[in-house]
Structures are given as structure tokens and as C-alpha cells.
1. In percent, how large is the relative contact order of the chain, given Cα pairs closer than 8 Å and 6 or more residues apart?
2. Any idea what angle helix 157-184 forms with the longest principal axis of the chain, computed on alpha-carbon atoms, 0 to 90 degrees, nearest 10?
3. At R0 = 22 Å, how high is the FRET efficiency between Glu207 and Lys156 if r is their beta carbon distance? Nearest 0.05 is fine.
4. So what's the net charge close to Gly75: Lys and Arg +1, Asp and Glu -1, counting the other residues with Cβ under 15 Å from its Cβ?
5. Which of Val31, Val205, Val116 ends up with the largest GNM mean-square fluctuation for the chain, with Cα atoms connected below 10 Å?
6. For the chain, what is the charge dipole size about the Cα centre, in debye to the nearest 20, if Lys and Arg each add +1 at the Cβ and Asp and Glu each add -1 at the Cβ?
7. Jot down the per residue volume, in cubic angstrom and as a whole number, of the convex hull over the alpha-carbon atoms of segment 5-232.
8. Would you kindly state how much longer the chain becomes between Asp67 and Ala129 on full extension, computed as 0.36 nm times their sequence separation minus their alpha carbon distance, in nm to one decimal?
Amino acid sequence: MPSSSTDVQHTMAWILVPAMAVLIPGLLTLVVRPGPRLTSAMQHLAAGLIMAAVAVELIPETLKDADSKWPAIAGYAAGLVMVFLIRRVSRRLDEDSPNGLLATVFIDVTLDGFLVGISLATIVGTGVAILVGSLSVEVAFLVMATIGALLTRRWKRRRVVLIVIVMSIATLVGGFLGFIAAGSLPPAMLSAATAFGVAALVYLVVEELLVEAHEEDAETTLGSLLFFVGFGVPIFV
């Protein structure tokens, strides 16, 4: 694993990109608050970008080695168990609480940082810029949509600011863990970790983002179309 000061600075610079994509749009949403329709549209777009990342980046990475099938299945199953346990606990505490959404969003931003860290150690050339760019756009819209949903529920601004800061830190931590893991874990373990992320991200899209996007009659045809735009652009462009 690279260890020189130049490599460390290079790694930190790339990992800061998605972390800033969490922090700046999240805080900006506190000043320019999106309405229900805009929030719904951003949730659709973020959902499409996540599904594109799963289809284009995560699944091929998970199954690229012949010996990775069973570790990937185990990681995927563990991810499903975790997200459904989170949902069960959060709904027992408060059926109207967005804690389930927050938990899965925290997992998402941490995993996005993790993927960026892995890419810095395993991908060369323009592939790093493409991956970091697409994940940063995804987390920016995801955080904006999430903060908009919290403000709609009349959460206190100080509490929301703290959540945004912690999300940004989680992205940084995930990035450094991914960079370290890429140089120390065997391929089978990396496949399991990636499959774990696939389960969490698909759950985030299907059970949280799209459900939130369809609440309170905020959905519009244009907003729904943005899901397909978010899914198609990273694949075809």
C-alpha cells in the first residue's frame, strides 16, 4: 500500500471530494430549503444514481474473482439482515420517525467513502475520477433530499447541522478504511464487503428513498423521470 507523503496527500485530496459533497450541499439546504416536490425529485435522482453505481461498479467488482461467489453471498445476506434489523428497531421506537432513513443514509455515505478509498488503491487512470465524480454527485443529492425531509418534519436546525457534519466525517472515515482495506484484505473479503454494501444501497433505494419520494402527493412526472435519468446517465454517457 502506498505510504509516501505524496501518496497520502493524494489520497486525502480524493477522499475529501465526496466528504465536501456531503457537507456543502447539506448545509446549503438549511439556507435554501427545497419544497416537497423538489425534495421528491432529488430523492428520485439520488435513487437512480445509486442503482447505476450498484449495476456498473459494485456488482462487477463483487463478482470479478471466481472464488468470490460465496463470500459475496455471505456479505449480501449480512447486509440484508442488518438493514432489516435497523428498520424493525427504528419502527418500534417511533413509526413516524425517519431514523430508518437516517441509518441507511449514514451507511450509504460511509460505503461511498469506502468505495472511493478502494478505488484509489485498485484503479488507475481516469477511472478514479469517474467513480469519485459519480459517487459525489449521488451523495450530494442524497444528503440534500434527506435534509429536506428532516426539515419538513420540523427538526431543529442545530440538530440537522450536527447530522450533516457527522455524515461528512463518516464519509472521510469510510474512505480511509477503504484505502487501508484494499491493501490488506484478501479479494474474498473485499467481495463480501462490497456485497454488503450492495444490499444496503438497494434497500436504501427501494424501502427508503422511493417510499419517501411518493409521500404527501409530492411526486410529479418530471420527478419520477429523474430516477431514470440518474440511472441512465452514468451507464450510457
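Where a number appears in this text, it was derived from the coordinates with a stated rule and is not lab data. Quantities reported herein were computed from a predicted structural model and do not represent experimental measurements. In this analysis, Cβ positions are derived from the backbone assuming ideal geometry, glycine residues included, and neighbour counts consider all displayed protein chains.
1. Numbers: 342 pairs, mean separation 110.9, N = 237.
Rounded, it is 47 percent for the chain.
2. Compared with the principal axis, the helix lies near 20 degrees.
3. Working: r = 26 Å, r/R0 = 1.20.
Efficiency computed from Cβ-Cβ geometry: 0.25.
4. Details: positive: Lys64, Lys69; negative: Glu61, Asp65, Asp67.
Taking every Cβ under 15 Å from that of Gly75, the sum is -1.
5. Checking each option, the largest mean-square fluctuation is seen for Val31.
6. Working: 14 positive and 18 negative charges, 136 e Å.
The dipole magnitude comes to about 660 debye.
7. On the way: hull volume 26.3 nm³, N = 228.
Residue-normalised Cα hull volume stands at 116 Å³.
8. Numbers: separation 62, 0.36 × 62 = 22.32 nm, distance 2.86 nm.
Extra length available between Asp67 and Ala129 comes to 19.5 nm.
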